[in-house]
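Asks: The following block contains the structure, expressed as structure tokens.
The values are calculated or read from the model by the stated rules, or taken from the named source; none is laboratory data. Being a predicted model, the structure only gives us computed values, none of them experimental. Cβ placement follows ideal geometry from the backbone for every residue including glycine, while neighbour counts extend to all protein chains displayed. Only protein heavy atoms, including side chains, enter the accessible area calculation; ligands, DNA and RNA are left aside. Shrake-Rupley method; radii C 1.70, N 1.55, O 1.52, S 1.80 Å.
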Amino acid sequence: TALQSSSSEDDPLAYVRDSYIERSRQYRRTRFQHDDWLLHRSPDRFFKNLRTLVFSGIYRGISKEVATVTGIATFIWAWNLFLGEGYTGLDGLHHDPIANLPLLTLPLTPFTLASPSLGLLLVFRTNASYGRWDEARKAWGLTINNSRNIARMGAAWSSKSIEPKDEIRRQKLEHLAKCIWAFPRSLARHMESPFISEADYVADLRENLDPAHADGLIASAHRPNRALFDLANAVNDLPMHALRRNEIDKSIVVLGDQLGGSERLFSSPVPLFYTKHTARYLTAWITLLPFALYDPFASTFNHAAMIPCAAVLSIFLFGIEELAIQLEEPFSILPMLGYTSTIGTNAVEIINWHFKMDEEQKN
């Protein structure tokens, strides 16, 4: 899906939508094949992950937070050395401070006592967000499975005795395949921002559907509902016994359930009071931590190691919280268009088996 920039007049959140962290979400829509799994468990993966550390989208997304903590640590270090207790020069001699001001330090004990509770908050936050991603992926899995079921039952149960004309049966089954594809394509569009890829959606419908069918979907206020309505009508038009149509309709009901589940996930984030409390706790903990790192690093040259230590800790701790934020809304990092393409390809292939079987029986 192409990400389209929009002016601030049309989209008041354009500056957020055009940020790197938002634009990079489209590159997280991973679908693994066999070779991908081989690389994923490669013995070189640890060194590769270290080499690509500076290119990580997660870390680039928290660069402001990391820079703030590093800046605080640097300020505390400079204050204590040049205004507090003095410093040791490269010649090994101690130099007095410019002014004898109080040291900026805190005891480490409160941070040690608070660490377990902060860890629990972050673990729950991450688990809850991953659970939402997992539920969204399972919803799309059920959408794929039930779409195949509809195509399979429609192709296998369409009766030549009820509709002997091959051309009419072909038209109805091909229309069924188009309706099967139209639902996941409309669902994917429904889960995207109104400022993103509307043109792509319209172009896909124009390319794959009949003009009247495409116009009806485009004009609908709730496109997935309209797609389900069209799919139910296509099934109802198939030449088969009514009891078999009822069986197919059960799979359409499941598609409707997955639509409702997706809307529920999209409209209901992890409770905001939990998210905000965790973020405030983490921010207070990590921004005050440099005050407690000055004394523990007294054995290093002029306490200098406290600065990279604060930076690394902020990268990993803010990174955990950023992972949770990125997973919490799962649809923009799921390859929904890839799933849609798979559904459409499977439906067309299954429908064609109906006519290949007829040809084989004739021969």
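Asks: Once the whole set of protein chains is in place, how much accessible area is left on ASP35, using a 1.4 Å probe, in Å² to the nearest 10?
Replies: 100 Å²
Asks: Let me ask something else about it. For LYS165, list the lysines whose Cα falls under 20 Å from its own Cα; do not include residues on the same chain fewer than 8 positions away.
Replies: Within the straight-line limit of under 20 Å, LYS165 reaches these lysines: LYS356, LYS362.
Asks: Quick one: angle between helix 242-267 and the longest Cα principal axis of the chain, in degrees between 0 and 90, rounded to 10, please.
Replies: Rounded to the nearest ten degrees, it is 20.
Asks: Still on this structure: What is the magnitude of the charge dipole of the range 83-236 about its Cα centre, with +1 placed on the Cβ of each Lys and Arg, -1 on the Cβ of each Asp and Glu, and no other charges, expressed in debye to the nearest 20? Display every interim value, and only then the final one.
Replies: Values: 17 positive and 17 negative charges, 236 e Å.
In total the dipole reaches around 1140 debye.
Asks: To the nearest 10 degrees, how steep is helix 223-236 against the longest Cα principal axis of the chain, on a 0 to 90 scale?
Replies: On a 0 to 90 degree scale, this one is about 30.
Asks: Let me ask you something else. Using C-alpha positions alone, give me the convex hull volume of the chain per residue in cubic angstrom.
Replies: Roughly 189 Å³ of hull volume per residue.
Asks: Given the options ALA279, CYS309, ILE72, identify the residue whose Cα lies farthest towards the positive end of the charge dipole of the chain (+1 on Cβ of Lys, Arg; -1 on Cβ of Asp, Glu).
Replies: ALA279
Asks: Based solely on its DSSP helices, what 222 nm [θ] is calculated for the chain when runs of n ≥ 4 H residues each add -39,500 (n - 2.57) and the sum is averaged over all residues, nearest 500 deg cm²/dmol?
Replies: -23000 deg cm²/dmol, from helical runs alone.
Asks: Send over a whole-number figure in Å² for the accessible area per residue of the chain, probe 1.4 Å.
Replies: 55 Å²
Asks: What is the dipole size for the chain, taken about its Cα centre, with +1 at each Lys and Arg Cβ and -1 at each Asp and Glu Cβ, in debye to the nearest 20?
Replies: On the way: 37 positive and 40 negative charges, 193 e Å.
The dipole magnitude comes to about 920 debye.
Asks: Roughly what angle does helix 63-79 make with the longest principal axis of the chain, taking Cα atoms, 0 to 90 degrees, to the nearest 10?
Replies: 0 degrees
Asks: Moving to a separate point now. Quick one: grab the alpha carbon gyration tensor of the range 164-280, order the square roots of its eigenvalues as a ≥ b ≥ c, and give me rounded if a/c is under 1.5, else prolate or oblate depending on whether a/b is larger than b/c.
Replies: oblate
Asks: Can you tell me which aspartates and glutamates have their Cα less than 17 Å from the Cα of LYS172? Leave out same-chain residues fewer than eight positions away.
Replies: In chain and number order, the partners are GLU163, ASP210, ASP230, ASP237, ASP249, GLU349, ASP358.
Asks: Using a basic spin-label model with each label point 7 Å from the Cα along Cα→Cβ, how many nm lie between HIS94 and LEU39?
Replies: With each label placed 7 Å out from Cα toward Cβ, I get 5.6 nm.
Asks: Which percent of the accessible area of the chain is formed by carbon and sulfur heavy atoms (probe 1.4 angstrom)?
Replies: 61 percent
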